[in-house]
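J.: I have a structure here, written as structure tokens, and I will follow up with some questions on it.
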Amino acid sequence: MKVLERRALCGIVLLVVALLGTAGGAMAAPAPAKPLSAEDGLSPEQLYLEADSVARDAETGRTVAKGNVQARFQGRTLTADEVVFEPADRLIRAKGSVRILNPDRTAQFADEIVLDQSLSVGAAKGFAVRSEGEIKFAAASAVRRSETLNELNRAIYTPCEVCAKDGSETRPTWSIQADQIVQDRERQIVGYRNAVIRVRGLPVMWLPVFWHPDPQAERRSGFLQPALETSSRRGLSYEQPYLFVFNPSADLTLSPQINSKVSPFLNGHYRQRFRSGAVDVRSGFTYDRDFDGEGDAFGDPTLRSYILASGAFALTPEWKWGFSAERTSDDLLFEKYDIGEVYVARGPFVPDDRRLISQVYATRQTAKSWFSAGAFSIQGLRPEDDDRTFPQVGPFVESRFEPVGNLAGGRLRIRASGVALTRDAAPGAPGGTPGLDSRRVTLEGDWRRTDTLLNGLRASVFGNMRMDGYSLGDLEGVAGRSSTQGRALASVGAEVSFPLYRRISNATVILEPAGQAVAAAGAAGIVVGKDASGSPVYLNEDSVTVVFDDSNLFRLNRFPGYDLTEDGLRLALAGRAMILWDDGRRANFVLGRSFRSGDSEVFSTTSGLASKASDWIVAVEAEPMAGVSLFARTRLDADSLAVRRAEAGANVQLKRGSGYFRYLKEEAASGSGRRENADLGGEVFLNENWGVTLYGNRDIAASAWVIRDIGVVYRDGCTRLDVIYRQEDIQVGQLGSSTSVNIRLTLATLGGPLGTR
């Protein structure tokens, strides 16, 4: 036996093939072996061993390293009090504070570990592992059954911190303790026998058998985070999602909602990606009677369901197509069963709040052109909605292209569009009255040239020509009465601005007066009848709502659609001011007004644009500090300066919390009444773990709250718990007011990322 002392040898390189090189993956999936960098100085088959003493039997090859043993191999580092190589038994033994650090930053710890040379079997005592994502397993003993199967006995699992900042031990926020934990990396599942879920060390649930996806697996079938709620509508409600992963490109989540007052409701969410696109389908159903805000049932039982589906695909790099399908059997189904993320964009055609839209579309886009074609229909869920009065839209075609790169120093753009609308009934008319049908085709040419002079003056000249053709059916509610009308529109104008800037201390100040003059000729609207006073009634399918603010002060046509347009002579003036601080703070201010040659009969009296002199437009935006942004827009009466429309808001994102505020006030389009509401929400953390959440939506015009939420939040690195009390005050249809308490518990690695429901 030869003994090598540390003082005589600081390190020795042994040509040991795979003996210790694969031992680093004893209790976790081994990372693929990689050639080491030149800095390590070792080839993939070399091992560096350092210890206080190393003894090797020349006859048997048995090698014993003792005292501060450190071995480096294939990017891994093993430290222990003693390491023994047994060539005869093809075993590797390490004991005494064994630690293995892997190239992927995972680590294994054990009091003692034994492995065979091929790593087909292995065992450890006092075993622990820290995996990617701070996942931790600990066990009294561990057995490696195969390359993909690890068995831990008298074990515990947690993603939480087990050491305080001062290095002392601390109880994890939550953990799972079991007689046996089996980590199956081939199936990507972690299974438990006699599992006890503990919160702060206290047992809260016992499960004879339990499993969840391996935290290191990208996606795997298993239970997701549950939702618990108690409300006056459904009573005690428990929703438990389960994810089925069919393949890397498709999955299905089933979420049965069990309610104590009403029948269960089953939600489903299917997702699949294809080579050229993806589909997303949400649906749900129940068989039950209708019920009000207190959960009192009425009517006959029937099937109640919904679908929210969408898909988008690329046919070529230029061509894309897609669809959405949104329908529900009950107008209040989403509110009754607390189904979220309903009114979101699932395609290019976006509906209003509490309305669903089903559509199909195709688009083509190049550097110089755009084309889209589609069709859609709408389902209204507001109490006053009648679906028969909503038009079926299709086809709806829009296109634009630039035929030449430069024309007389400017840009020429050609637009063409067309749409057909068909409705069953006329809004507000007696039942059975046919609704107005309309079809439109438009061809438009737009030219603009912009120059910046040496003194900084910026000047633009532009011209626009447009031709519209309309075919109208069922005029004035009379079936078969039709009309064909056409019009030509032309406008020319110029726009100038003169930005002035100056440095003041640590900021740049920019002042910019601007003006626009336009001369337009042509019919302002398409006449579809006359009112009781004999005044013409104009077709208006796409410009019902006109919001006059700083965004369209200089727009050629302030109507958002085609049916109505502006004519005559008009002038728009504005003054802009901006302050840019060197530290990133900024503030913008806009003041503007529009003038025209005569009163307009196409703008409503509440739009601020009907008179010769428009209302005043004021807009302010500011970022006074990092994480805080503010904005306000208002329209002031031309004579009295009374507020006709106001919109304001704030966004806050700070270290201790975040929040937002929105305020809107505007007159109703009919001139009677007003709409005024405020919406605010946010969360503030009082310390590192505890915080409060607030949300409120108040109908100021009705002097009533729509929704009020207040909640308490606990969070740490592996847990988030929300307890939220909600009061809904304003009645919607037959639903009525209600109260509820919602509990959302999110455990890291179990069914989703922290913070999701």
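J.: Cβ contacts < 6 Å: first residue in contact (Cβ under 8 Å) with a residue 60 or more places away in the chain, restricted to region 325-337; second residue in a helix (DSSP H, G or I) and surrounded by fewer than 19 Cβ atoms within 10 Å (Cβ to Cβ), any location; separation 6+ or different chain. Result?
T.: none
J.: Would you point out the residue of region 307-348, among those that are within 28 Å of residue 293 (Cα to Cα) and among the hydroxyl-bearing types (Ser, Thr, Tyr), that is surrounded by the fewest Cβ atoms within 10 Å (Cβ to Cβ)?
T.: Ranking the candidates gives 329 first.
J.: So, one more: Could you please find all residues in region 439-498 being touching a Leu at 6+ places or on another chain (Cβ under 9 Å), assigned to a strand (DSSP E or B) and open to solvent by 80 Å² or more (accessible area, probe 1.4 Å)?
T.: If the condition is that a residue be touching a Leu at 6+ places or on another chain (Cβ under 9 Å), assigned to a strand (DSSP E or B) and open to solvent by 80 Å² or more (accessible area, probe 1.4 Å), then 439, 449, 465, 467, 482, 484 are the ones that fit.
J.: Name the single residue that is nearest to residue 441 (Cα to Cα) among those in region 529-552 being open to solvent by 30 Å² or more (accessible area, probe 1.4 Å) and in contact with a strand residue (DSSP E or B) (Cβ under 7 Å, 6 or more places away or on another chain). Spell out the reasoning first.
T.: So the first thing to find is which residues in region 529-552 are open to solvent by 30 Å² or more (accessible area, probe 1.4 Å), and the list is 530-538, 540-542, 544-547, 550-551.
Filter once more, keeping what is in contact with a strand residue (DSSP E or B) (Cβ under 7 Å, 6 or more places away or on another chain): 530-531, 536-538, 541, 550.
Working: 530: 24, 531: 26, 536: 22, 537: 21, 538: 17, 541: 14, 550: 30 Å.
Result: 541.
J.: Among the residues of region 415-435 satisfying the criterion of being part of a strand (DSSP E or B) and open to solvent by 40 Å² or more (accessible area, probe 1.4 Å), which is nearest to residue 465 (Cα to Cα)? Show your work before the answer.
T.: Filtering region 415-435 for residues part of a strand (DSSP E or B) gives 415-422.
Those left that are additionally open to solvent by 40 Å² or more (accessible area, probe 1.4 Å): 415, 422.
On the way: 415: 10, 422: 28 Å.
Restricting to residues being part of a strand (DSSP E or B) and open to solvent by 40 Å² or more (accessible area, probe 1.4 Å), the top hit is 415.
J.: Would you please name the residue that is nearest to residue 212 (Cα to Cα), looking only at residues in region 144-173 that are β-branched (Val, Ile, Thr) and open to solvent by 30 Å² or more (accessible area, probe 1.4 Å)? Spell out how you get there, then give the answer.
T.: The initial filter retains those residues of region 144-173 that are β-branched (Val, Ile, Thr), namely 148, 156, 158, 162, 170, 173.
Filter once more, keeping what is open to solvent by 30 Å² or more (accessible area, probe 1.4 Å): 148, 156, 162, 170.
Details: 148: 16, 156: 14, 162: 21, 170: 25 Å.
Looking at residues that are β-branched (Val, Ile, Thr) and open to solvent by 30 Å² or more (accessible area, probe 1.4 Å), I get 156.
J.: Tell me which strands (runs of 3 or more DSSP E) are completely within region 239-356 and hold 3 or more residues being under 25 Å from residue 741 (Cβ atoms) and of a type in the set (D, E, K, R), or say none if there are none.
T.: Details: elements: 242-247, 250-259, 265-273, 277-291, 297-314, 319-328.
In region 239-356, the matching strands (runs of 3 or more DSSP E) lie at 277-291.
J.: Being open to solvent by 30 Å² or more (accessible area, probe 1.4 Å), within 45 Å of the chain's Cα centre (by Cα) and modelled with pLDDT under 80 is the filter here; which residues of region 70-119 pass it?
T.: Correct list: 74, 75, 103, 104, 105.
J.: For region 499-526: of the residues being without any contact (Cβ under 8 Å) to a residue 40 or more places away in the chain and either among the aliphatic types (A, V, I, L, M) or part of a loop (DSSP other than H, G, I, E, B) (or both), which is most open to solvent (accessible area, probe 1.4 Å)?
T.: Here is the first cut: in region 499-526, the ones without any contact (Cβ under 8 Å) to a residue 40 or more places away in the chain are 501-505.
Checking which are either among the aliphatic types (A, V, I, L, M) or part of a loop (DSSP other than H, G, I, E, B) (or both) leaves us with 504-505.
On the way: 504: 93, 505: 108 Å².
Looking at the filtered set, the residue picked out is 505.
J.: Let me ask another. If only one of 400, 382, 440 is of a type in the set (D, E, K, R), closer than 28 Å to residue 346 by Cα and in contact (Cβ under 8 Å) with a residue 60 or more places away in the chain, which one is it?
T.: Values: 400 fails: in contact (Cβ under 8 Å) with a residue 60 or more places away in the chain; 382 fails: in contact (Cβ under 8 Å) with a residue 60 or more places away in the chain.
One residue alone meets the criteria, 440.
J.: Is it the case, given these coordinates, that residue 176 is surrounded by 15 or more Cβ atoms within 10 Å (Cβ to Cβ) and more than 32 Å from the chain's Cα centre (by Cα)? Working first, answer last.
T.: Values: surrounded by 15 or more Cβ atoms within 10 Å (Cβ to Cβ): yes; more than 32 Å from the chain's Cα centre (by Cα): no.
For residue 176, the condition - surrounded by 15 or more Cβ atoms within 10 Å (Cβ to Cβ) and more than 32 Å from the chain's Cα centre (by Cα) - is not met.
J.: Search region 564-598 for residues being surrounded by fewer than 19 Cβ atoms within 10 Å (Cβ to Cβ), at pLDDT 95 or above and small (Gly, Ala, Ser), and hand back the single one that is nearest to residue 522 (Cα to Cα).
T.: For region 564-598, the residue satisfying everything is 575.
J.: Looking at residue 363, is it within 27 Å of the chain's Cα centre (by Cα) and not aliphatic (A, V, I, L, M)? Give the steps one after another, and end with the answer.
T.: Numbers: within 27 Å of the chain's Cα centre (by Cα): yes; not aliphatic (A, V, I, L, M): yes.
Answer is yes for this residue.
J.: Within region 687-743, which residues are within 23 Å of residue 380 (Cβ to Cβ), hydroxyl-bearing (Ser, Thr, Tyr) and assigned to a loop (DSSP other than H, G, I, E, B)?
T.: 737 - this is the single residue of region 687-743 that is within 23 Å of residue 380 (Cβ to Cβ), hydroxyl-bearing (Ser, Thr, Tyr) and assigned to a loop (DSSP other than H, G, I, E, B).
J.: If we keep just the residues of region 262-284 that are of a type in the set (D, E, K, R) and surrounded by fewer than 17 Cβ atoms within 10 Å (Cβ to Cβ), which is nearest to residue 346 (Cα to Cα)?
T.: Taking region 262-284 as the starting set, the residues that turn out to be of a type in the set (D, E, K, R) are 271, 273, 275, 280, 282.
Now narrow it down to the ones that are surrounded by fewer than 17 Cβ atoms within 10 Å (Cβ to Cβ): 271, 273, 275, 280.
Numbers: 271: 14, 273: 16, 275: 20, 280: 10 Å.
Checking each candidate, the answer is 280.
J.: Sort out which residues of region 356-374 are in contact with a Gly (Cβ under 6 Å, 6 or more places away or on another chain) and either in contact (Cβ under 8 Å) with a residue 40 or more places away in the chain or surrounded by fewer than 17 Cβ atoms within 10 Å (Cβ to Cβ) (or both), and write them in order of number.
T.: 361
J.: Still on this model: Just to confirm my filter: which strands (runs of 3 or more DSSP E) fall fully inside region 58-163 and include at least 3 residues that are in contact with a helix residue (DSSP H, G or I) (Cβ under 9 Å, 6 or more places away or on another chain)? Give the steps one after another, and end with the answer.
T.: Details: elements: 63-73, 76-86, 91-101, 107-116, 122-131, 135-144, 149-158.
Per the criteria, 76-86, 91-101, 107-116.
J.: Could you check how many residues of region 185-236 are farther than 26 Å from residue 161 by Cβ, open to solvent by less than 70 Å² (accessible area, probe 1.4 Å) and β-branched (Val, Ile, Thr)?
T.: 1
J.: Determine whether region 472-482 contains at least one residue that is at pLDDT 95 or above, polar (S, T, N, Q) and over 25 Å from residue 556 (Cα atoms).
T.: no
J.: Could you tell me which numbered condition residue 688 fails, if it satisfies all but one of (1) open to solvent by 50 Å² or more (accessible area, probe 1.4 Å); (2) in contact (Cβ under 8 Å) with a residue 40 or more places away in the chain?
T.: (2)
J.: Here's a follow-up. When residue 571 is evaluated against the numbered criteria (1) out of contact with any Asp or Glu (no Cβ under 9 Å at 6 or more places or on another chain); (2) part of a loop (DSSP other than H, G, I, E, B), which criterion, by number, is the only one it fails?
T.: Every condition holds for residue 571 apart from (2).
J.: Something else: Residue check: is residue 558 touching a Phe, Trp or Tyr at 6+ places or on another chain (Cβ under 7 Å), outside any strand (DSSP E or B) and open to solvent by less than 20 Å² (accessible area, probe 1.4 Å)?
T.: In short, yes.
J.: Would you be able to say whether some residue in region 663-681 is surrounded by fewer than 15 Cβ atoms within 10 Å (Cβ to Cβ), part of a strand (DSSP E or B) and at pLDDT 95 or above?
T.: Scanning region 663-681, I find no residue that is surrounded by fewer than 15 Cβ atoms within 10 Å (Cβ to Cβ), part of a strand (DSSP E or B) and at pLDDT 95 or above, so the answer is no.
The values are calculated or read from the model by the stated rules, or taken from the named source; none is laboratory data. Computed from a prediction, not measured in an experiment: that's the story for all the values here. All Cβ positions, glycine included, derive from the backbone under ideal geometry; neighbour counts span all protein chains shown. Note: accessible area is taken over every heavy atom of the protein model, side chains too, but ligands, DNA and RNA are not part of it. Shrake-Rupley method; radii C 1.70, N 1.55, O 1.52, S 1.80 Å.
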